[in-house]
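The structure appears below as structure tokens.
The values are calculated or read from the model by the stated rules, or taken from the named source; none is laboratory data. A quick note: this is a predicted structure, and the numbers were derived from the prediction, not measured. Methodologically, a virtual Cβ is constructed for each residue, glycine included, from the backbone with ideal geometry; neighbour enumeration extends over all protein chains shown. Heavy atoms of the whole protein, side chains included, go into the accessibility calculation; ligands, DNA and RNA do not. Shrake-Rupley method; radii C 1.70, N 1.55, O 1.52, S 1.80 Å.
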Amino acid sequence: MSTTLASIIGTATPRVDGPLKTTGAAEYAADFKFERIAYAVPVTATIASGRIRSLDTTAAEQLPGVLLILHHGNIGPLYRTVPGDDNATNSEVRSAFEDEIVRHWGQYVALAVADTFEQATAAAAAVKVEYENSQADLRASLDNFSGKRKSVSKRGDPDAAFAAAPVKIDATYITPVETHNPIELHASVVMWDGEHVTLYETSQGVVNHRVVMAQILGIPVENVRVVTRFLGSGFGGKLFPWPHAAMAAVAARKLDRPVKLSLTRRMMFSNVGYRPRTEQHIKLGATKEGKLLALRHDYLNVTSQLDDFDEGCGEATPYLYSVANLEVTSGLVHRHVGAPMYMRGPGAVPGLYALEAGMNELADELNMDPLQLRLLNDADKDESNKNIPFSSRHLRECYEVGAKNFGWEKRTAGIGSMRRDGKILGWGLAGASWVALRLPCTATVEFCANGRLCVRCGTQDIGTGTYTIFAQVLHEKTGVPLDRIDVILGDSGLPDGPMSGGSMVTGSVLNAIAAGAEAAIKRLQQVAASTDGSPFKDAAAENISFTAGRLHNKDEPATDGAHFADILHMAKLNGIRAEGKTVPTWEDPKAKGVSLHSFGAQFVEVEWEPEIARLRVSRVVTVIDGGRIINPKAAANQISGAVVMGVGMGLLEETVYDERTGQPINGSMADYLMATCADSPEIDVTFLNYPDPAMGEYGARGVGEIGLAGVAPAITAAVYHATGVRVRELPVRIEDLLKSKIVEA
Ligand code: MOS
């Protein structure tokens, strides 16, 4: 694929916000400081289930600098968000301190506020809480599930087809609780000005956050402003507000002082979501030649006492393969744990782990190359949805390109049959997919009299490069250099923009920006034609061209024209602004009748040293069909980062709860294992770069999540290939590897 014109779209572009971040000038939520700011430190429950018998704040209140101890008894009214209101999605249904019942370890029971952080910390420690303990359900295993299963997708008769199938796989796959660990801790800095409140937040969605806070605090939405200029990532944990934001807001209102509340890393492990544990039963039936006949995917995930959080493991299952008989069901298991929350590639990532691990086992059962099995069963239409065509599906090419880049044809199938430098090699692969959507949003584009060009949108940059690609689009549309373009995001007062979630910002907002830029240029031309003294006075708009920031007669070079700033000066205008809107995919005739997804293929190599039971992912080749790539540099960063996260998912990450108290026992950066530089393989990223015609002007689908899908099942396949050990519960542990019958390389 190549585009005909040299364009900044598709050109590796360094982050426009890079200097701000590397010099420390970028202001993250907790960096905001105000005069008379007070510090808030939560008190958290030390039991998993029960009620607060007594909460004694006397000692705490007498400590120096203490301003307020907030708790159920004095917080005053807080409300829940309206169920089903898509503009006000909250993380937990219960509001802060709503009752005196404790439903998970770490739940907030009080908030100490003081002049300094140290005083608040001391006060929080001095709050005496007594509990009435009741039996907590903390079993990790979900196998006692007795609730209702919901059918998520169904076609044909999967049970009959499975029973009759000559070759079968029937296995359960387990993924553990994983905790979001963005470097930036959740934080709220809140300041009231009369009836108006501004919240500096760690939010992946300032517009939604604003509506949620208005509903919870019971104040008009126009009185709330939410600001998130920069994010130190979030991975989904910061999509929706958590109770600490309302706690800080109430404290600030009561004290009439700004309040800062920053979570500790330990609180991050119990109070702001996690990827829930899943147990997924996969049944695959196939002919002796490997053609799929039946597919069942029955999954369970854990959730909290009050929140019906469905992980959505069946996201990809219904459309990935061609199979006549299929059903996906879901079930929720309530435990005494905090509310789960979406984590990078929610549903699809754990779901594809199970499905693709099953497919790899089926390939082994058939004595077939797992690549051939994929190609044989590839779907060319969406069989889960009236057989509608895919908008742009090149999964087959992902596999073929990946196989070539990886050298897959050199694979020998026997367990432990491949060696290099005294180590055993294991090779595995898996497919990946992720949904694509274009959300409705608005962006304004403004030509300013100071010669700068400005775009505004109420979305935010989670760290993926949103600032940069917005600037790229404006540069492409206007020719104004990047260093004269201001991208203004992260403020709920801006035109409504989407959450930084679901990999949807790129595909959604670029259309609005492009439309806004075109409309702003048109206005500039109109002004040029109607301004006295303008060289274009009374010219027909279609004869005024716009090139590289300059207006000029269509038949003359841009250098003979006038800079837009000069026209604005002549017209005595400070700026000209126009709005662009993105039509959502569900309202676009070009996108309505098609199935929109990104696809990918992951090829993994592990090195296995049986003598010391050391296993390392040494090489990953990934090929992504993510629509048109706007900034290959930022996009490849996303895929590489996701692959590293996949190594963590395959080999390291797991949040372990103490089954007596519900405390996450590895709830710190020291104890929670995640992939670091030393664990990172050599990563080879290729984008197919086919624009998706259903995604609008640029055909981009977004690539924040797809790179994680498929990594873990490719790793477990490679582990089996190297060691002969079949691991069906993540992460792969040394204990699993020690079961290998291979004791030396
Ligand atoms: Mo993503 S889990 O939608 O932030």
Do you know which residues across the stretch 225-253 are away from the ligand (no atom under 16 Å from the Cβ) and either part of a helix (DSSP H, G or I) or crowded, with 24+ Cβ neighbours inside 10 Å (or both)?
Val226, Pro243, His244, Ala245, Ala246, Met247, Ala248, Ala249, Val250, Ala251, Ala252, Arg253
Within the stretch 649-679, considering residues that are without any contact (Cβ under 8 Å) to a residue 60 or more places away in the chain and within 30 Å of Phe603 (Cβ to Cβ), the one farthest from the chain's Cα centre (by Cα):
Ala678
How many of the residues making up the stretch 312-322 are under 17 Å from Thr175 (Cα atoms) and surrounded by fewer than 24 Cβ atoms within 10 Å (Cβ to Cβ)?
1
Counting only residues that are open to solvent by less than 20 Å² (accessible area, probe 1.4 Å), give me the strands (runs of 3 or more DSSP E) lying completely in the stretch 485-585 with at least 3 of them.
575-582
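This table checks each residue for (1) closer than 30 Å to Val594 by Cβ; (2) within 16 Å of the ligand (Cβ to nearest atom); (3) at pLDDT 95 or above.
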| residue | (1), (2), (3) |
| --- | --- |
| Ile462 | yes, yes, yes |
| Ile488 | no, no, yes |
| Ala514 | yes, no, yes |
| Asn543 | no, no, no |
Considering only the stretch 1-107, give the strands (runs of 3 or more DSSP E) lying wholly within it that have at least 1 residues that are among the hydroxyl-bearing types (Ser, Thr, Tyr) and touching a strand residue (DSSP E or B) at 6+ places or on another chain (Cβ under 6 Å).
38-44, 50-56
Contact list please: Cβ distance under 8 Å, first residue in the stretch 528-545 and within 14 Å of His563 (Cβ to Cβ), second residue surrounded by fewer than 17 Cβ atoms within 10 Å (Cβ to Cβ) and acidic (Asp, Glu), pairs at least six apart or on different chains.
none
Would you check which residues across the stretch 20-41 are under 28 Å from the mean Cα position of the chain (by Cα) and open to solvent by 80 Å² or more (accessible area, probe 1.4 Å) and list them?
Thr22, Thr23, Glu27
Only one of Asp143, Asp193, Asp137, Asp157 is farther than 30 Å from Thr228 by Cβ, loosely packed, with under 14 Cβ neighbours inside 10 Å and among the charged types (D, E, K, R); which?
Asp143
Looking only at residues that are among the β-branched types (Val, Ile, Thr) and closer than 29 Å to Asp566 by Cβ in the stretch 452-479, which one is farthest from the chain's Cα centre (by Cα)?
Thr478
Does at least one position in the stretch 428-444 carry a residue that is more than 16 Å from the ligand (Cβ to nearest atom), touching a strand residue (DSSP E or B) at 6+ places or on another chain (Cβ under 9 Å) and among the β-branched types (Val, Ile, Thr)?
yes
Being modelled with pLDDT of 95 or more and in contact with a strand residue (DSSP E or B) (Cβ under 6 Å, 6 or more places away or on another chain) is true for just one of Lys381, Lys423, Lys404. Which residue is that?
Lys423
Tell me which residues, restricted to the stretch 391-403, are more than 30 Å from Ile415 (Cα to Cα) and out of contact with any helix residue (DSSP H, G or I) (no Cβ under 8 Å at 6 or more places or on another chain).
Arg393, His394
Residues in the stretch 699-710 that are more than 16 Å from the ligand (Cβ to nearest atom) and either surrounded by 24 or more Cβ atoms within 10 Å (Cβ to Cβ) or free of Cβ contacts under 8 Å to residues at least 24 places away in the same chain (or both) total 2
Specify the residue that is nearest to Val189 (Cα to Cα); the eligible residues are those in the stretch 206-224 that are outside any helix (DSSP H, G or I) and touching a strand residue (DSSP E or B) at 6+ places or on another chain (Cβ under 9 Å).
Val224
For the stretch 326-417, list the helices (runs of 4 or more DSSP H) that sit wholly inside it and hold at least 1 residues that are more than 16 Å from the ligand (Cβ to nearest atom) and of a type in the set (Val, Ile, Thr); which are they?
395-406
The stretch 193-219, residues that are under 14 Å from Met247 (Cα atoms) and touching a helix residue (DSSP H, G or I) at 6+ places or on another chain (Cβ under 7 Å)
Val197, Leu199, Tyr200, Glu201, Met213, Ala214, Ile216, Leu217
Taking the stated definitions as given, is Ile169 over 21 Å from the mean Cα position of the chain (by Cα), part of a strand (DSSP E or B) and farther than 29 Å from Met267 by Cα?
yes
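For every residue, the table says whether it meets (1) in contact with a Ser or Thr (Cβ under 9 Å, 6 or more places away or on another chain); (2) open to solvent by less than 10 Å² (accessible area, probe 1.4 Å); (3) hydrophobic (A, V, I, L, M, F, W, C).
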{"site": "Leu295", "(1), (2), (3)": "yes, yes, yes"}
{"site": "Tyr299", "(1), (2), (3)": "yes, yes, no"}
{"site": "Gln305", "(1), (2), (3)": "yes, no, no"}
{"site": "Asp310", "(1), (2), (3)": "yes, no, no"}
{"site": "Ala324", "(1), (2), (3)": "no, no, yes"}
{"site": "His334", "(1), (2), (3)": "yes, no, no"}
{"site": "Val337", "(1), (2), (3)": "yes, no, yes"}
{"site": "Met341", "(1), (2), (3)": "yes, yes, yes"}
{"site": "Leu352", "(1), (2), (3)": "yes, yes, yes"}
Please pick out the residue among Glu383, Glu446 that is in contact with a helix residue (DSSP H, G or I) (Cβ under 8 Å, 6 or more places away or on another chain), within 30 Å of Leu231 (Cβ to Cβ) and open to solvent by 20 Å² or more (accessible area, probe 1.4 Å).
Glu446
Looking at the stretch 302-325, which of its residues are away from the ligand (no atom under 16 Å from the Cβ), in contact with a Leu (Cβ under 9 Å, 6 or more places away or on another chain) and among the hydrophobic types (A, V, I, L, M, F, W, C)?
Val302, Leu320, Val323, Ala324
Candidate set from the stretch 680-691 (those that are more than 21 Å from the chain's Cα centre (by Cα) and not in a strand (DSSP E or B)); member that is nearest to Glu729 (Cα to Cα):
Pro681
Residues in the stretch 692-718 that are part of a helix (DSSP H, G or I), within 25 Å of Gly648 (Cα to Cα) and in contact with a helix residue (DSSP H, G or I) (Cβ under 7 Å, 6 or more places away or on another chain) total 8
